[in-house]
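Below is one structure; the comments refer to it alone.
The values are calculated or read from the model by the stated rules, or taken from the named source; none is laboratory data. All values derive from a computational prediction rather than experimental measurement. Note that each Cβ is placed from the backbone with ideal geometry, even for glycine, and that neighbours are counted across all protein chains shown. Accessible surface areas use protein heavy atoms only, side chains included; no ligands, DNA or RNA. Shrake-Rupley method; radii C 1.70, N 1.55, O 1.52, S 1.80 Å.
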Amino acid sequence: MVFAVKDSPVYLEAPSILAAEMVKGQSKMETAFRTGAGVAWGESSGCLFCAVGSFFRPGYANAIAQAWLPSLDGVAPKLAAGAKVADIAVA
């Protein structure tokens, strides 16, 4: 399961890729810390965005319906009844 099942809570390929991508971007991060300028997603190493998504995927796949939604008072029954949800982000 650690390398074959991407939704497994013990999937290890994604953390390995994430670590490798972080090493690739190390010089940019060092400069950002020294100058306070930051590093935008578009300036990160090529696969960092995808690696972060893969890293968090098992947690989402194994926790949203099983733990997170039931912890929100009344949300699970509303969703089961057909409620619509909007995911809105503000930059």
Before we move on, is GLY59 on the phi > 0 side of the Ramachandran plot and free of Cβ contacts under 8 Å to residues at least 60 places away in the same chain? no
Does segment 13-32 contain at least one residue that is in a helix (DSSP H, G or I) and closer than 30 Å to ALA76 by Cα? yes
Just give me the residues in segment 21-58 being of a type in the set (Gly, Ala, Ser), loosely packed, with under 14 Cβ neighbours inside 10 Å and within 24 Å of MET1 (Cα to Cα), in sequence order. GLY53
Please enumerate the residues belonging to segment 38-48 that are touching a helix residue (DSSP H, G or I) at 6+ places or on another chain (Cβ under 7 Å) and either part of a loop (DSSP other than H, G, I, E, B) or farther than 17 Å from ALA20 by Cα (or both). GLY38, VAL39, SER45, CYS47
Tally of residues being hydroxyl-bearing (Ser, Thr, Tyr) and open to solvent by 50 Å² or more (accessible area, probe 1.4 Å) across segment 1-20: 1
What is the number of the single condition among (1) in a helix (DSSP H, G or I); (2) at pLDDT below 90; (3) among the acidic types (Asp, Glu) that ASP7 does not meet? (1)
